Amino acid sequence: MAKGRNIAVGIDVGTHQVKVIVAEKDSQKSPEFERDSLPRIIGSGISESRGIRHGFVTNLNDAAKSIRYAVSIAEKSAGISIKKAYISIGGVGLSAIISVGTVVVTKADNEITDLDVKRAIEESEKELPNAYIQNRKIIHTIPLEYRIDGKRVLGRPQGLKGVKLEARVLYITSLAHHLSDIMLALEEADIEIIDVTASPMAASLVTLTKTQKIAGCVLANIGAETTSIMVFENNIPVSMEIFQIGSNDITNDLALGLKVSIEDAELIKLGQGKHGEFSKRKIEEIVVARLSDIFDLIEDHLRKIDRSGLLPAGIILTGGGSGIPNIEELSRIALRLPSKQSRLKLEGNTKTMFRDFEWSVAYGLVILGLTNDDDDSIDMGLGRRWLNKTRQSLWTWIKQFLP
């Protein structure tokens, strides 16, 4: 990595493609994170994902080669050597669960301290069901709300008085062997991992505004083989879900329905290629049928968490599958919510980026990397405790799997 320059590298190891972004923070711009002053991209690389299905590694050597190739392209375009990176974890192994922990306040005068808050969060972790957590690793610990003697607290509880403190916490987890395999693939590609972030979290950094997250919205990342959603309210993520359906399913349906190759079906899906040779109505029927399946799953989840039709900022679409024509209108009708396709303001060397919404995860990772040392430089709505805890504990845990 170039010395004396504030540079970060983000690697998004997806099922369809491995994407690498190298970005540099402009010291002349405001230190605060703003959508109008995003870091300048100085290099990028992309390769076909091999040895990866549904977000987990099926062949370690093939996965490492895919990562190495994408990194080599990014190195050439950026003119630097890449040794360290921020990475994302996604796919079917990603999951979220809410747990509640309750503790008795320790001080004699019943004033709540940082220690009480820490104990309440730790207690919520202990309350996670063994059947759920035994094969999983916690990636993010996100406090959702606190209650003092049964009454909800607006803001932080420190300094208030009460007998019992209750913490309601969202845990984002990954299957332990999926996480270890991804990290091993990066090690095989000679990349040192600085930090690991859940893919939906990384994407949210550059696709959502603070206003959208405060009002309430759902970010839907339609990938090749999976669709991930993350629901925000009051500027924090309150729910996350992964569905085993993605844009490849639409491509496969078009290939079967129109009797064309996978390559032609992919172009037709995106409104390109030989779509004029086929009935527009038939193409729309196939695409709408599969998109309806995706939006039905999203609607079911929103109904489950009592947010159906109740998110003022609506649904924001990102990922490779969000480039399908008329997808905004289809999601608006299906979910009865405002709908918007995300658009990134990519500054710098973006020659390899033909569709910016495919790069939201990788770009979010470099945003995270370039603002990670400044507590106030980026408003994620979460604070830094969960991120620092992940950084300190993740490598201690994973080293036991490394050769």
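Every number in this text was worked out from the coordinates using simple rules, so none of it is lab data. As the structure is a prediction and not an experimental result, all values here were calculated from the model. As a convention, Cβ positions derive from the backbone with ideal geometry for all residues, glycine included, and neighbour counts pool all protein chains shown.
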Item to check | Stretch gain in nm, segment GLU48-ASP149, where the contour uses 0.36 nm per residue and the Cα spacing is subtracted | outcome: 31.0 nm
Next on the checklist: Apply the Karplus curve 6.51 cos²θ - 1.76 cosθ + 1.60, θ = phi - 60°, to the phi angles in the range 101-108 and return the couplings in whole Hz, x for Gly and Pro.
Outcome noted: x, 10, 9, 8, 4, 7, 5, 5
Checklist entry - What ranking, highest mean first, results for peptides 301-311, 325-335, 179-189 when packing means the other Cβ atoms within 10 Å averaged over each residue? => result 179-189, 325-335, 301-311
Checklist entry - When the label point is put 7 Å from the Cα of LYS304 along its Cα-to-beta-carbon vector, which residues of the range 321-345 have a backbone N closer than 19 Å? => result 335-336
Item to check | Simple spin-label estimate for THR211 and ALA289 in nanometres, 7 Å along Cα-Cβ | outcome: 4.1 nm
Item to check | Fully extended contour minus Cα-Cα distance, from ASP62 to ASN6, at 0.36 nm per residue | outcome: 17.0 nm
Checklist outcome for this item: Ranked on Cβ counts within 10 Å of their own Cβ, fewest leading, ARG290, ARG53 go ARG53, ARG290
Item to check | Stretchable slack from ASP114 to ARG40, in nm (0.36 nm times residue separation minus alpha-carbon distance) | outcome: 22.8 nm
Checklist outcome for this item: Here D for the range 213-341, in µm²/s, from Stokes-Einstein with a Kirkwood Rh over Cα pairs at 37 °C and 0.692 mPa s, works out to 220 µm²/s
Checklist entry - Which FRET efficiency value, to the nearest 0.05, do you get for LYS84 and GLN272 by plugging their Cβ-Cβ distance into 1/(1 + (r/R0)^6) with R0 = 35 Å? => result 0.40
Checklist entry - Per the Debye formula with a single identical scatterer at each Cα and no solvent contribution, what log10 I(q)/I(0) holds for the range 94-174 at q = 0.13, 0.17, 0.18 Å⁻¹? => result -0.39, -0.62, -0.68
Checklist entry - Which pairs, out of LYS280/LYS340; LYS25/LYS84; LYS118/LYS164, put more than 21 Å between their alpha-carbon atoms? => result LYS280/LYS340
Checklist entry - In terms of modelled amide H atoms, which long-range or inter-chain residues lie less than 5 Å from the amide H of ASN6? => result LYS25
